[in-house]
Amino acid sequence: MTHPKVDEIVAKTDAFLARYPSLSQYDKLEELEKRIGHSKVYIFLFIVLTLGSTIYLVGGAKLISDLLSFLYPAYMSFKAIDSGKATDDTQWLTYW
């Protein structure tokens, strides 16, 4: 008895987790899912929210904004280098 949109989001998140099994520790999430009885997506979201809350409590909003302002451009720079186009290389590597 869940909303169809929630089911769609859970399915997309599960597909995302399955695409990166080493990053999300997919096999361990499956073990927890069997042991606890809750979806691995909900377990993953709980872990992410717990880590985010801990970072916020320890360092505050400034630490979160500092992390995001470094991690997102770094991720996009690596993604631009892996792509074959030179325009995104110029855009993201100029940032640094």
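The values are calculated or read from the model by the stated rules, or taken from the named source; none is laboratory data. The structure presented is a predicted model; accordingly, all values stated were derived computationally and were not measured. Neighbour counts are summed over all protein chains in view; Cβ atoms, including those assigned to glycine, are modelled from backbone coordinates with ideal geometry. Calculation scope for accessible area: heavy atoms of the full protein, side chains included, ligands and nucleic acids excluded. Shrake-Rupley method; radii C 1.70, N 1.55, O 1.52, S 1.80 Å.
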Mean-position separation - Cα centroids, segment 1-23 and segment 46-96, in angstrom: 23 Å
Subset of Lys12/Lys79; Lys28/Lys62; Lys12/Lys40 violating a 24 Å alpha-carbon distance limit: Lys28/Lys62
Helical contribution to [θ] at 222 nm, DSSP H n ≥ 4, -39,500 (n - 2.57), averaged over the chain, rounded to 500: -29500 deg cm²/dmol
Taking the chain and dividing mean pair separation by its residue count, relative contact order in percent (alpha carbons under 8 Å, at least six apart): 13 percent
Solvent-accessible ranking of Ile36, Ile55, largest area first, probe 1.4 Å: Ile36, Ile55
Angle in degrees between helix 40-82 and the longest Cα principal axis of the chain, rounded to the nearest 10: 30 degrees
Label-point gap, in nm, between Val58 and Phe46 - each point 7 angstrom along Cα→Cβ: 2.1 nm
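I need the fraction of alpha carbon pairs in the chain separated by more than 24 Å, rounded to a whole percent.
Of the Cα pairs, 46 percent sit more than 24 Å apart.
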Residue-normalised accessible area of the chain, given per residue in Å² at a 1.4 Å probe: 81 Å²
